[in-house]
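Below is one structure, written out as structure tokens; the observations come after it.
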Amino acid sequence: MTPAAVKQELYRITQAETGMTSTDAAAAVAGTWQEVFRYQIPVDMKITFRPGHTFSAYISTLVPGEWAATNKIKVTLQDAGKTQEIALVQETNYVTIKEFQDRSKIKRIDLLEAKAATPGSYIVISAKALISVDVSLCYWELTCDRKRIGLVS
């Protein structure tokens, strides 16, 4: 593969990615961890998470309204076989991840060194709350380095 076939760039993964799956967190199981977003990294892409990359989210309820500050959220990276996972954002209160603009307050991912996510692996956002989540009204952003890989070498 020639160097021109590979391009690395800062990238923002959001709830609007092609291939993103989402599920409302139901009140019936409120207070337990529930997966609300899942994104599988495409075959032509390699993602790298580094210390300093960020995660921000606005979480809406079915009521509607914004989530309570003490509700919990976490972001994990799972391998393609769904047998291993690494915390990108460890369990944290919602109030710590809702900043999008102020760089001094925005949540940094919880990694001490770079971690590569290979094609086929998953990024999973899970919620734990005492009230339902309406994913259609939620938005979020996870920064990373993206390397697009040509399928033909």
Report, by residue number, each residue of the stretch 87-116 that is among the aliphatic types (A, V, I, L, M) and within 12 Å of the chain's Cα centre (by Cα).
87, 88, 89, 97, 109
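Residue-by-condition table, conditions (1) surrounded by 15 or more Cβ atoms within 10 Å (Cβ to Cβ); (2) closer than 16 Å to residue 138 by Cα; (3) without any contact (Cβ under 8 Å) to a residue 12 or more places away in the chain:
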| position | (1), (2), (3) |
| --- | --- |
| 38 | yes, yes, no |
| 58 | yes, yes, no |
| 65 | no, yes, yes |
| 73 | yes, yes, no |
| 121 | yes, no, no |
Could you look through the stretch 8-66, keep only residues that are among the polar types (S, T, N, Q) and not in a strand (DSSP E or B), and pick out the one that is modelled with the lowest pLDDT?
32
Where residues in the stretch 117-132 are modelled with pLDDT under 95 and either under 22 Å from residue 68 (Cβ atoms) or assigned to a strand (DSSP E or B) (or both), which of them is nearest to the chain's Cα centre (by Cα)?
126
Failed item, numbered, when residue 69 is tested on (1) without any contact (Cβ under 8 Å) to a residue 40 or more places away in the chain; (2) exposed (fewer than 14 other Cβ atoms within 10 Å of the Cβ); (3) part of a strand (DSSP E or B)
(3)
Scan the stretch 91-110 and tell me whether some residue there is in contact (Cβ under 8 Å) with a residue 24 or more places away in the chain, surrounded by fewer than 16 Cβ atoms within 10 Å (Cβ to Cβ) and at positive phi.
no
For the stretch 75-90, how many residues are surrounded by fewer than 20 Cβ atoms within 10 Å (Cβ to Cβ) and assigned to a strand (DSSP E or B)?
6
When you check residue 43 against the structure, is it closer than 17 Å to residue 137 by Cα and either under 16 Å from the mean Cα position of the chain (by Cα) or of a type in the set (Val, Ile, Thr) (or both), yes or no?
no
Scanning the stretch 133-151 for residues that are out of contact with any helix residue (DSSP H, G or I) (no Cβ under 8 Å at 6 or more places or on another chain) and either of a type in the set (S, T, N, Q) or part of a loop (DSSP other than H, G, I, E, B) (or both), which turns out surrounded by the fewest Cβ atoms within 10 Å (Cβ to Cβ)?
151
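The values are calculated or read from the model by the stated rules, or taken from the named source; none is laboratory data. Computed from a predicted model, the values in this text were never measured in an experiment. In this analysis, Cβ positions are derived from the backbone assuming ideal geometry, glycine residues included, and neighbour counts consider all displayed protein chains.
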